[in-house]
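Visitor: Here you go, one structure.
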Amino acid sequence: MTLNTWIPVLALMTSLIASLVIFALPEKGYRLRTAVNLGAALLKLGLVVVMVWGVFRGVGYGVSFTMVPGVTFVLKADAFSMMFAGLSAVLWLLTTIYAVGYLEDSPNRSRFFGFFSLCVASTMGIALAGNLFTFFLFYEMLTLSTYPLVVHRGTEKALKAGRTYVIYTLTGGAVLLLAIAWLHGVVGDLPFREGGHFTGSDPDIHRSLTLIFILLVAGLGVKAAIFPLHGWLPQAMVAPAPVSALLHAVAVVKAGAFGIVRVVHDVYGVDASSALGLLEPLAWLAAFTIIYASVRALWQVDLKRRLAFSTVSQVSYIILGVSIFGPVAAVGGLVHLLHQGIMKITLFFCAGNYAETLGIHRIDEMDGAGRRMPGTSVAFTIGAFGMIGAPPLAGFITKWTMGSGALAVNMDWVVVVLVASSLLNAAYFLPVLYRLWFRKPAAHWPHERQWGRLETSAWLFWPPLLTAVMTVMVGVLASLPFSPLSWAELIVLREYSP
Amino acid sequence: MTLWLMAGLLFTPLAWAVLTLLMNFTWGRLVTWVGIVVQVLVSLGLWLAVSRDGGFYYGLGGWEAPLGIELRVDGLAVTFVLLTAVVASACGWHAGVYIDADKPWHRYFWPLFWFLWSGLNAVWLGGDLFNLYVGLELISLSAVGLVALGGKAGALRASIRYLLAALLGSLAYLLGVALIYGQFGTLSIAGVVFWLEEHPVPAGSSLALALMVTGLALKTALFPLHRWLPPAHGIAKSPVSALLSALVVKASFYIAARLWLELGEPLGNLAAAQLVGLLGSAAIVWGSWLACRQLELKQVVAYSSVAQIGYLFLLFPLTYSVSESVTLQAQQGITLQVISHALAKAAMFLAAGNLILSTGSSRVDALKGVSRFLPFSLFSFGLAGVSLMSLPPSGGFAAKWLLLQASLGSGQWWWVLVLLVGGLLSAAYVFRIYRASFLESSETDHFYHPPRSLEIIPMILALLSLGLGLVSAEVLSVMALPFEEEGSP
Amino acid sequence: MTTPLLYALAGALLCGIGLFGLLWLRHLLRKLLAFNIMGSGVFLVMVGLPQHQSGPDPVPQALVLTGIVVAIAATALAVVLIRRYYHLSGMSSLEDEPSPRGDDPE
Amino acid sequence: MMLPEPLLVIMAVCLPLLYPAMALRAAWERAMRYALPVLPLPALVLALGSEPGWQLEMPWLLNGGLWAVDGVRRLFLLLTAVLWMVAGIYAVGCLRPDHLRRFCVFWGLTLAGNLGLTVAVDIGSFYSFFALMTFAGYGLVVHEGTNEAIRAGRVYLVMAVLGEMAILTGLLLASAAAGSQMLADLPEAIAASPRRDLIMALLIAGFGVKAGLPLLHFWLPLAHPVAPTPASAVLSGAMIKAGLLGWLVTLPFGEVAMPGWGALMIVAGAVGAIGAAVLGVCQQRPKAVLAYSSISQMGLMVLMVGVALADSGRAPVLFSVIALYALHHGLAKGSLFLSAGVSLPAGAMRRAVVWLLIALPGLSLAGLPFTSGALAKLAMKEGLLENRLEFALAGYLSPLMTAGAVATLLLILRYLWTLSAKLGTGHNPPMLVAGWLAAVGVSLVAFWWMPWEAGGLVESPVWLPAPYQLWALVWPMLIALGLALLTLWASRLVKQR
């Protein structure tokens, strides 16, 4: 047992232990809880950075043991897992900071932060899982640990949303379990491997493989909010803003998308998936989701609901990217995993700021908020433009790469989808920006709080600005080594030439 | 060494039962806690010995079968012995704090508790059919007594109902034993198998198996013979409910499973196997459905037991005329299900008891908003629920995984649907509790925190059932070749 | 038809009667008696069915002896419970709630 | 030693890009206002002081960044810098204090975009700056906050977003065809691509939105008049040229002759040049007239683009003419727009001078001899000489140009007419006057020292046209004058009735 074996376990444990400690702390132990939270987040970030560097140089991190007869529990760090792990580690830190400010003076904070850390531990586990079985383990753990956060407010509405959430995700989980068990029955325990396992597989099992693939996608598609399995996401927006931000914009939906990418790339292999004729329908489904959700977003008057539909739409970019059989498009899809996370978390942070500082929840209440909260509004503007795909922000890099990739394999219709989606994005984001900056503010805000010198609490103020800066940076500096784009290229390089 | 362990294992409970009969509650508690330590150490020692050296046969007092009592000490048996030790000691510990020492009739708790324990050990280790009957009766009678400890009319009604059902089941089983002995002239299962290898199957011998299985199914509360269970488990004191749900129903199932695995192939038939599986499925669905509809917290848990017991009976179709590997998977899956359900259900009942203590009401509604007090027991309840929903990484999940593999491997895909739907239905009733606890309401501003020792016990059990999934490979390896041991006839 | 077999058949008959009584009768003491009849039937089967060439098999005799002890214990417990139940509730049967047909052994 | 050019170009782009950060502190509002004219200074130095040919590689930027300045870009850069600078001076004088910081933020961002797209050579940064300019420009358009401005802003935004998407798609297709992220590789690839027509259509339409191509121009007469005067000046003078530049750097000039697209562009240009004049003379407000004039003038440039497309051999020559024309028009139109905001002094003599200074850039547009307009018109005439061109529509070019010249002057006259009704007497803030005078000065005088090229088409000394050219310049003006007088007379007649 060397250190390399233990680093992934440690990365997982940091938040798990933090969670237990927080549960044990009394409700009033505000400082200590914050210290534990931030300390754990920083520690995890450090571990992830170490692993990123190691994976880049080709060091293998991993641990495995037999859990149930015939099945192993595997934690393993490869390039793709580090992408997701890095995303959750960075954003966990920021969201923790944000959440500390957001939940100031509100009840049940111990409970909140405990489950919150548990969620991050699950996300980490999902990232580091080395086979489908392990993946599933953490995938379900994520479901369970998010439920208390969704219903955190304890209102009837929140509980209803929680119910919907649980029904969707557990059913999805059951389908996923069936698929994994079936796959296991057909071919045994398969570790994730770049290039997949089924290239040139026995034609006799192709029928089963196809069915299993459909089940896998259906199971994972619930969390990834693919149409028609997306219904839970807009409802789950009743949760507190940090939850919407980290979990629904990043962890949960990404877990689904991440799983689909894993299945396509590292279980089936992109060649085999393509040969089985599975990618094309998936691409169409993703494309339809992109358009459908954008259209739905147009009619939402609640800011967070609009953002939620936007999430539904944007997550499908990832799936669209990997379901195009070509390396460049895959890069576009993978890089969106990070880009969408950063951009969407910015938007949700801002939405939370408006709600917490001014009491604004609906879009028609946002008139002139830009003057009252310029910093937040700048961040929101950057995030929104990123979503639209305006250069040089993160979203542009995604769309450009994906578009190029699609054209390279003669799937021109993808470009049409991308453009249509951008137009729709513009149609539902620009009016919001217009209200923010160019409308006269209302006489008084629905529920304003004063925070002192800054426009809002410092805990709330800096995270969205930082993520907004990141949105700009990952776009502008896309060609630097270790930028999301370069890292996605590394992943795809390893996938397409294993 | 093992001889001493065996002696300790068998005689401590009986001795303690007699001892505590002579004392009042407080003293009984003290003595019992000492006994628990002894018993746990002995069980652990035996488990270690068997996991190192393998199983053996043990003739009690040097007498050989058929007149003597021959015990079969194999990996599976000692695992269950250890499980019993864990759960029973947890319940005993909990009961010592939980049960009101002032009521005079409560002093009978300790002797009954110890009789129950000795009966359980007798069943796990029993080698011949009649001794199993005696063990079963010991269990039933002490369990009924424990239920009746509630003292109220409702508790008595439930216990009488329970008693009648148990007696009827025992008699059906005994009739089957009589027929077996009449036909094969032996009481040992291994002996019957041995006889059947030499001779053709005599006509009508299936009847014996059917009678025994039916009787045991009644005692295990398989749908539709389950109606005695919810009142009894629901009305008993929480530690008693925990013991009943976790261990007592498992004892009769254990015998049924052993019978089926040894004799099912020659004496059973496909239709019967499928029928039992079907009843199990019905139990899963019906039990879960009713659990969702209950207003009282402990009734929810009790109906959940009905549902979970349904899973156990999937063993019958999944081991009848299927390949060796599927049989193995099914056996392992069911074994894990038994263990994880025992741990989880015990945790759940104990936690439910604590919650009732805290809120002062046994209704689910009373949980409204309690999660803001961060009740430890609610957390334990939730963790146990994870295992019941068979979500990873719990033992319930590992069990479900193996059963899924077995169903897929045997081509009996319909059980797959049952397993998946069952998981979702159990989620429905578990989440109902969660949901209630998260509801914010201004009314609940008072919350009694029970003593730490009461709270910590269900947590330990819940964590054990949760962690079981992670180490299930090790646990299963100790029960190498479960239910199967070449022995002297 | 040998005598032992006759015993066994009589035992089976007793079993049937006992079962009928256990399920059909309402009064708890009657149920208890029905249980005892059924138990006797089972014991008859047990001693009657296994026959050696050299006369009765001794093993079942021993078993039945044990069985009777168990039955007595059960009966005693049942009587105690029924008595206490009667004191507390004033009822001699369990039938205060409608019992569905067939699936409940009462 | 680090080359000064890369440093300058980074400063030129980053200064206006970072300038909005000053808005963070309310106390800096005054400084912000006075910083407006300074922003384009590095760009101006760069345009004037450096020789084309250097480049700045930034491999870490987007998909690999490359900034450089060549001959054409240098002229556009110069135009942009100068115009923004004079407009900036003007803005210092004319801005009202409400929403001042917001205006300055958008000003800075728009300027950054406009400058950046001029120097960007890789697709990523070019498109980025283009989008930045487009979206930030919205803030300038709706600044006044009137209902009209908001409506104009909406139209602007919708058209702009559609245009951006067309450009994005076009660039994406072209880039995929070229397998390169550099603008310089696109023309060749587009010419060879099987999807040539689609790419061409997308790019022409996309940039056409900005350049006011007929049918894509709707936003322009709405947006230019409602914006604050300095913003109108840069919108109409500089930003409109960004669309033109877009065409110049992406379309496959000189690769292969495309008579179809050429003819289409010529027709579009002609429709723009004449149609806009027809609509423009009916306008009531001076700035609306100017906006139509811009469309009309852009029509002439579109015409030249069309010719360059149709006749690949002439493209290099026409490029310099187009650049020259763009420079001339930008400066002149800028000073015209700025003049819409001045107030007349009291004395009659002074009034006359002011009117003269207002009219001169206009007349320059119409081709008044001894002005930049005359030079541009002559260069265009030479560039489009029939006998050097080989395609079907070549014969119609000359009359079209004449008609264009007539239209131009008519619009100018209409502008002066409407302006005279509107201009009041009063005191001008000094900075406002300074800005306006600088604009006029640059347009009329400084132009001659700028590094433009006429492609050897106009004999030197260029500012003195040869007699036969003189006549060619003047007779359309006479027609226009005649038409104007006729109209005036007719309207008097109607009024008397």
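Visitor: Which number gives the lysine pairs in chain D that have C-alpha atoms under 24 Å apart and are eight or more places apart or on different chains?
Guide: So the count works out to 15.
Visitor: Can you give the helix-only mean residue ellipticity at 222 nm for chain A, where every DSSP H stretch with n ≥ 4 adds -39500 (n - 2.57) and the sum goes over all residues, rounded to the nearest 500 deg cm²/dmol?
Guide: Working: 19 runs with 344 residues, N = 498.
Calculated from helices alone, the mean residue ellipticity at 222 nm is -23500 deg cm²/dmol.
Visitor: At most 13 other Cβ atoms within 10 Å and a DSSP loop assignment: could you name the trypsin sites (Lys or Arg not before Pro) in the stretch B:152-228 that fit? Write out the running numbers ahead of the final one.
Guide: Values: sites: B:Lys152, B:Arg157, B:Arg161, B:Lys219, B:Arg227; in loops: B:Lys152, B:Arg227.
Filter output for the stretch B:152-228: B:Lys152.
Visitor: Additional query: Test of the criteria: in the stretch D:1-102, which trypsin sites (Lys or Arg not before Pro) are in a DSSP loop and have at most 13 other Cβ atoms within 10 angstrom of their Cβ? Don't skip to the answer; put the middle values down first.
Guide: Values: sites: D:Arg25, D:Arg30, D:Arg33, D:Arg73, D:Arg74, D:Arg101, D:Arg102; in loops: D:Arg25.
For trypsin sites (Lys or Arg not before Pro) across the stretch D:1-102 that sit outside H, G, I, E and B with at most 13 neighbouring Cβ atoms in 10 Å, the list reads D:Arg25.
Visitor: Give me D:Met133, D:Met58, A:Met124 ranked fewest to most by other Cβ atoms within 10 Å of their Cβ, as a rough exposure proxy. Don't skip to the answer; put the middle values down first.
Guide: Values: D:Met133 23, D:Met58 17, A:Met124 29.
The order, fewest Cβ neighbours first, is D:Met58, D:Met133, A:Met124.
Visitor: Which of rounded, prolate or oblate describes the protein assembly as shown when judged by the alpha-carbon gyration tensor and an a/c cut-off of 1.5? Mind showing how you got there, number by number?
Guide: Values: a/c = 3.54, a/b = 2.79, b/c = 1.27.
Taking the square roots of the gyration eigenvalues as a ≥ b ≥ c, the protein assembly as shown is prolate.
Visitor: May I pose another question? Take the Cα coordinates of the stretch A:419-498, assign each an equal point scatterer, and use the Debye formula without solvent to give log10 I(q)/I(0) at q = 0.26 Å⁻¹.
Guide: Result of the Debye calculation: -1.15.
Visitor: Mind listing the long-range amide H neighbours of D:Asp122? Cut-off is under 5 Å, sequence gap 5 or more, other chains count too, H placed in the peptide plane at 1.01 Å from N.
Guide: Distant-sequence amide H within range of D:Asp122: D:Leu66, D:Leu183.
Visitor: Considering Cα pairs under 8 angstrom that are at least six residues apart, work out the relative contact order of the stretch A:1-60 and quote it in whole percent. The partial results should precede the final answer.
Guide: Working: 22 pairs, mean separation 26.7, N = 60.
Value for the stretch A:1-60: 45 percent.
Visitor: Once amide H atoms are built 1.01 Å from N in the peptide plane, which residues 5 or more positions from A:Met67, or in another chain, come under 5 Å H to H?
Guide: Long-range HN contacts for A:Met67: A:Thr72, A:Phe73.
Visitor: Just to confirm a number: summing +1 for Lys and Arg and -1 for Asp and Glu over residues other than A:Trp299 whose beta-carbon lies under 15 angstrom from that of A:Trp299, what do you get? Each step should come with its number before you reach the end.
Guide: Values: positive: A:Arg296, A:Lys304, A:Arg305, A:Arg306, A:Arg362; negative: A:Asp302, A:Asp364.
Summing Lys and Arg as +1 and Asp and Glu as -1 gives +3.
Visitor: Same structure, new question: Quick check on chain B: helices-only [θ] at 222 nm, where DSSP H runs of length 4 and up contribute -39,500 (n - 2.57) each and the sum goes over total residues. Nearest 500, please.
Guide: Result for chain B, helices only: -25000 deg cm²/dmol.
Visitor: Which whole-number percent gives the relative contact order of the stretch B:1-268, counting Cα pairs below 8 Å spaced six or more residues apart? Provide the component values of the computation, followed by the final result.
Guide: Working: 380 pairs, mean separation 49.6, N = 268.
That works out to 19 percent.
Visitor: Another one. Find the relative contact order for chain B and round it to a whole percent, using C-alpha pairs within less than 8 Å whose residues are 6+ positions apart.
Guide: It rounds to 15 percent for chain B.
Visitor: I've got another one for you. For the stretch C:3-89, which semi-axes, largest first and in whole Å, follow from the square roots of 5 times the eigenvalues of its Cα gyration tensor?
Guide: Numbers: eigenvalues 185, 46, 5 Å².
With the √(5λ) rule applied to the stretch C:3-89, the semi-axes are 30, 15, 5 Å.
Visitor: From the helices alone, meaning DSSP H stretches of at least four residues, give me the mean residue ellipticity at 222 nm for chain D, per-run term -39500 (n - 2.57), in deg cm²/dmol to the nearest 500. Write out the running numbers ahead of the final one.
Guide: Numbers: 21 runs with 343 residues, N = 497.
-23000 deg cm²/dmol, from helical runs alone.
Visitor: Could you please rank A:Asp367, B:Asp102, A:Asp189, placing first whichever residue has the fewest other Cβ atoms within 10 Å of its Cβ? Don't skip to the answer; put the middle values down first.
Guide: Details: A:Asp367 18, B:Asp102 7, A:Asp189 14.
Neighbour counts put them in this order, fewest first: B:Asp102, A:Asp189, A:Asp367.
Visitor: Let me ask something else. Strictly greater than 38 Å: what percent of every Cα pair in chain B meets that?
Guide: Counting every Cα pair in chain B, those more than 38 Å apart make up 19 percent.
Visitor: Straight-line reach from A:Lys160: which lysines have Cα under 22 Å away, leaving out those fewer than 8 places along the same chain?
Guide: Partners within reach: A:Lys223, A:Lys304, B:Lys368.
Visitor: Another question, if that's okay. Run through the stretch D:238-344 and list the trypsin sites (Lys or Arg not before Pro) located in a DSSP loop whose Cβ has at most 15 other Cβ atoms within 10 Å.
Guide: Details: sites: D:Lys241, D:Lys287, D:Arg314, D:Lys333; in loops: none.
Listed in order of number, the matching sites amount to none.
Visitor: Hey, got the average number of other protein chain Cβ atoms within 10 angstrom for residues in A:144-156?
Guide: On the way: counts 10, 0, 0, 5, 5, 0, 1, 8, 3, 2, 10, 3, 2.
For peptide A:144-156, the averaged partner shielding equals 4.
Visitor: Next question, about the same structure. Please order B:Phe373, A:Phe138 by the number of other Cβ within 10 Å, starting at the fewest.
Guide: Details: B:Phe373 20, A:Phe138 24.
So the ranking, lowest neighbour count to highest, is B:Phe373, A:Phe138.
Visitor: What longest range of chain A stays clear of loop-exposed trypsin sites (Lys or Arg not before Pro) (DSSP non-H/G/I/E/B, at most 12 other C-beta within 10 angstrom)? Show your work: numbers first, answer last.
Guide: Working: sites that count: A:Lys28, A:Arg449, A:Arg453.
The segment A:29-448 is the longest one with no such site.
Visitor: Can I ask one more? Using a Förster distance of 22 Å, how high is the FRET efficiency between A:Arg207 and A:Phe288, based on the Cβ-Cβ distance and rounded to 0.05? Can you show the working numbers first?
Guide: Values: r = 25 Å, r/R0 = 1.16.
So the FRET efficiency works out to roughly 0.30.
Visitor: In addition: Enter the mean number of other protein chain beta carbons within 10 Å of the beta carbon of each residue in A:111-118, as an integer. Could the numbers behind the result be given before it?
Guide: Values: counts 6, 0, 0, 2, 0, 0, 0, 0.
The shielding value for this peptide is 1.
Visitor: May I pose another question? For the stretch B:1-268, what does the alpha-carbon gyration tensor say about shape, rounded, prolate or oblate, given a ≥ b ≥ c as the root eigenvalues, a/c under 1.5 as rounded, and a/b over b/c as prolate? Please report the intermediate quantities before stating the final value.
Guide: Working: a/c = 2.34, a/b = 1.35, b/c = 1.74.
Cα axes put the stretch B:1-268 in the oblate bin.
Read the figures in this text as sums done on the coordinates, not as results from a lab. None of the values given here were measured: they were computed from a predicted structure. Virtual Cβ from ideal backbone geometry, glycine too; neighbours counted across all protein chains shown.
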